[in-house]
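Below: one structure, written as C-alpha cells.
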Amino acid sequence: MLLFILLAFGACTTKPMVQVSRIGELEDMIKKGDLATKAKLSDFSNSPHLYAIGSITNMKGHIQIIDGKPYNCLLVNGSLKIDSSFNVEATCMLYTIVEEWKEYDLPATITTWKQLEQFIGDLDMKYKIRRGDVLPFLLEGVAADVQWHVMDWDTSDKEVTYKKTMENGLQGDSKNEAITAVGFYSEESYKVLTHNELKMQIHFVNYNHTLAAYMDDITLDGRIKLYLPEKLEER
C-alpha cells in the first residue's frame, strides 16, 4: 500500500519533460489593462539555447528569441524595425531552454493552422505530455503564406481587448517566405498567452532577418519542417 502511495505521489509530482516558463498573464493585459514591465531581456542575455516569444512593454512590439539570439520587432514612425539586442522589456513572455531538437515530417495533408494545431496536439498525446503542460516547437522552411502583425499600442487607449490587440499596428501577408518560427502549444490557452479558441502561439523571423512578427495564420504546402525537443521520448 505504501509503495502504491509513493508511486502515485511520484506520478503527480513528475516534472514536465520540457520546462517552459511564463511571465505575465494575458488576462491581466485584457481585463486589467496591465501593460507594465514584468521582465527584462537583459536578465536572459547569458542563456544559451534560449527560445522565447512575448510582448514588449506597453504592447510596443514583439519578442522573438531563437537559440539565444533576439529578433525583437517594433514600429518606428510606422516602419518595421528589428532590434537584435537584449535592451528590451516585456509585459509577458514564454521561454524555454532546448539544446537539441528532433525533426518531424509534416504530412502533405496538413495545410492550415487548425490542422497543424491538431497534428501537434496528437504528438502531445503520443508522448503522454500531461494536460496543461506547454510544448515548445519550431517550424522551419518556406511557408506558402503567412499572415502576421506587429503591435504598436496607443498607450492613451485604456480599453484593451483581444480583438484590438490583433488588429492594432502593422499588418502583413507574406507569400513563399522562408522562416524560422518559435511556437508553444497547450490544451489550456492561457498557458500560452492566447485566446481561448486557440491552443498555440507562434512568432517568426524570416531567413534574412528583415521581418519578424506575431503569426496570425499560416498556409503550408509541404515545404515546412516541424521540430520538437529531442528529450521527448515515447513512454
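The values are calculated or read from the model by the stated rules, or taken from the named source; none is laboratory data. None of the values given here were measured: they were computed from a predicted structure. Glycine gets a Cβ as well: all are built from the backbone with ideal geometry, and neighbour counts include every protein chain shown.
Quick notes on this one:
- Consider segment 176-234 and keep the residues that are basic (Lys, Arg) and more than 22 Å from ILE110 (Cα to Cα). The one that is surrounded by the fewest Cβ atoms within 10 Å (Cβ to Cβ) is LYS231.
- Here the condition is being at pLDDT below 90, assigned by TED's automatic domain parsing to the domain that holds LEU138, among the acidic types (Asp, Glu) and more than 22 Å from LEU220 (Cα to Cα); of ASP152, ASP157, it holds for ASP157 alone.
- Scan of segment 70-125 for residues that are among the small types (Gly, Ala, Ser), farther than 19 Å from SER42 by Cβ and not assigned by TED's automatic domain parsing to the domain that holds GLY183, ordered by number: GLY78, SER79
- Taken over segment 160-187, the criterion of being within 26 Å of GLY222 (Cβ to Cβ) and among the small types (Gly, Ala, Ser) is satisfied by GLY172, SER174, ALA178, ALA181, GLY183.
- Qualifying residue in segment 108-125 (condition: farther than 30 Å from GLY222 by Cβ, surrounded by 15 or more Cβ atoms within 10 Å (Cβ to Cβ) and out of contact with any Pro (no Cβ under 7 Å at 6 or more places or on another chain)): no
- Checked against the criterion of being surrounded by 17 or more Cβ atoms within 10 Å (Cβ to Cβ), outside the structural domain of ILE23 (by TED's automatic domain parsing), within 21 Å of ASP217 (Cα to Cα) and more than 16 Å from the chain's Cα centre (by Cα), segment 126-135 contains not a single residue that satisfies it.
- Members of segment 42-63 that are touching a Cys at 6+ places or on another chain (Cβ under 7 Å) and not in a loop (DSSP other than H, G, I, E, B): GLY54, SER55, HIS62
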